[in-house]
Amino acid sequence: MPSTPSPESTTAAMLASTNPANGDFIGTVPVTPAEWIPRIVEEAREAATGWRALSFEERGALLIQGGEMLMGKAEALGELLSREMGKTRASGRGEVKSSGKSIQGKVARVSAALAPHTTTKHGVATTVVHDPVGVCGVIAPWNYPMNMIQWMVVPALMAGNAVVLKPSEETPLIAQAFVDTLNEFLPPGILRIVHGRDGQGRALVNSTVDLIAFTGSRAVGVHIMAAAATSMKRLILELGGKDPLLVLKGADVQAAADFAVSNSFDNTGQMCVSTERVLVHQSLADEFENKVVAAAKQHRAGPWDEDGVTMGPMIHGTQRAHVLSQLIDAVSQGARLLLGTTTPRKFFVDPTVITGVTDEMDIAKEETFGPVVSISRFTDTQKAIRSANAGPYGLGAVVFGATQAAEEAAAQLNAGMIGINRSIFGVGDVPWVGAKQSGFGYHGSPDGWRQFSQTRVISRVE
Ligand code: NAD
């Protein structure tokens, strides 16, 4: 089959990438015409024949070289990532480094998870193998524009699949740089990239890909699930969240306040497991709010390369307007701003603390995705737990409190990842998993990596 021209070789429509901190033009990538995508998928399938014949060690060795090169380019790629997405210099560089390091560190563990395993009993040997599924369509968001991609692409490739990646239209340049770096080592054609907006995402979902790994919003996840149903494509969906933080009587108020601020402002609040809602016991609330405001005042939103900046801009004007409209709506219903403003500022939302939020307000229900500590007070712990569990999301949840009370509350929270007197980030190869409508399948961990394979069980007489 003659090869479809790569996006680089066409003069078709261009997708411009701009700096979200000032609107400056950074560069362009060619948009992949949606009608090319089915063909690109089939070319990837053909290219994967040789790839799947390689051993895990051989595939891993090539990916490790790619990971090493990413780490070597961390300074330059980190700067590109920060300019394109807006995060601070240290965060941009850190994301590139951690992506490279994660690839290097995980290939052996992914191989072990995918290796055949035999059980022998009563004269029968049964082997479980993990075959490639074929071609994986990977659709990624902009908020961790390299890490989210490597999370999905690396296990898909390690399992022997080809990958067609559709990165976010907000961060095409860093995605292209990631793919170009890995492709210096991978055989031609097994890692392809298509650029564009939702039309290209839809075309990928509607193509003959065998599996779709999607990280993004719940709304788009719903579309993808419906579109994938007609051909029963395998799905991994990592979606949005509305993570609550419960601060119970007996909590270390300073630690809870510090966590509330850092986890609401990290990545400018544009993080799926950001603290989106704080429910604090009335008896601690004044002290907690004072400490939150004091800690929040240490933060400053600004361009990635300015000294003293701890947070970047909102990714685009629509997101900025969404955050402000939630704040304006909450204030109009009686909530009070303790820090920040509802007056629009170009490109940025300043560190914001709001209190008096009630369950009915949009800011308590829908993902904010901005640098806002949003506080409600409670007196009845069971009622607070019901509030924390309300709504469709169930990604993460955190409780601060005396050990036993915190454990008891945590056991009642309906979320995939729970932190007790700390963040939800666990240690070891644990799954990244959402409950309810925050996820469907999961990333990381042996079980997560196996999702990129077709399990086959073969029994024979010994
Ligand atoms: P998004 O859903 O708007 O877009 C994600 C990707 O889907 C983009 O590449 C986009 O072009 C593509 N797309 C849009 N419409 C499509 C369609 N109909 N069919 C196929 N593809 C389509 O999300 P975003 O704004 O890029 O990212 C922010 C969201 O991602 C937040 O909700 C955040 O919570 C979530 N997120 C979740 C996790 C997690 O691990 N659970 C991690 C990061 C981000």
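Details
- Condition check for E184: within 8 Å of the ligand (Cβ to nearest atom), charged (D, E, K, R), assigned by TED's automatic domain parsing to the domain that holds A108 and at pLDDT 95 or above: no
- Any hit, the range 295-314, residues being assigned to a helix (DSSP H, G or I), within 16 Å of the ligand (Cβ to nearest atom), outside the structural domain of T171 (by TED's automatic domain parsing) and within 27 Å of G439 (Cα to Cα): no
- Test: residue in the range 135-146 that is of a type in the set (G, A, S), under 20 Å from the mean Cα position of the chain (by Cα), within 14 Å of the ligand (Cβ to nearest atom) and assigned to a strand (DSSP E or B): yes
- In the range 193-245, the qualifying residues are those that are within 6 Å of the ligand (Cβ to nearest atom) and aliphatic (A, V, I, L, M), and the one that is farthest from I375 (Cα to Cα) is V205.
- Candidates S98, S102, S111, S168, filtered to the one that is within 14 Å of the ligand (Cβ to nearest atom) and modelled with pLDDT of 95 or more: S168
- If the condition is being small (G, A, S) and under 18 Å from T171 (Cα atoms), then the range 19-38 contributes A21, G23, G27.
- Single residue of the range 342-369 satisfying the filter (hydroxyl-bearing (S, T, Y) and in contact with a strand residue (DSSP E or B) (Cβ under 8 Å, 6 or more places away or on another chain)) that is farthest from M311 (Cα to Cα): T358
- The C-beta contact set for the range 200-226 (first residue under 20 Å from A48 (Cα atoms), second residue of a type in the set (D, E, K, R) and modelled with pLDDT of 95 or more, distance under 7 angstrom, 6+ apart or interchain) comprises L204/K166; T208/E42; V209/K233; D210/K233; D210/R234; L211/K233; L211/R234; I212/K233.
- Residue tally, condition out of contact with any Pro (no Cβ under 9 Å at 6 or more places or on another chain) and of a type in the set (A, V, I, L, M, F, W, C), over the range 174-203: 6
- Single condition G94 does not satisfy, out of (1) touching a Leu at 6+ places or on another chain (Cβ under 9 Å); (2) within 30 Å of F348 (Cβ to Cβ): (1)
The values are calculated or read from the model by the stated rules, or taken from the named source; none is laboratory data. Just so you know, these numbers come straight off a predicted model, no measurement behind them. So basically every Cβ, Gly included, is an ideal-geometry build from the backbone, and we count neighbours across all protein chains shown.
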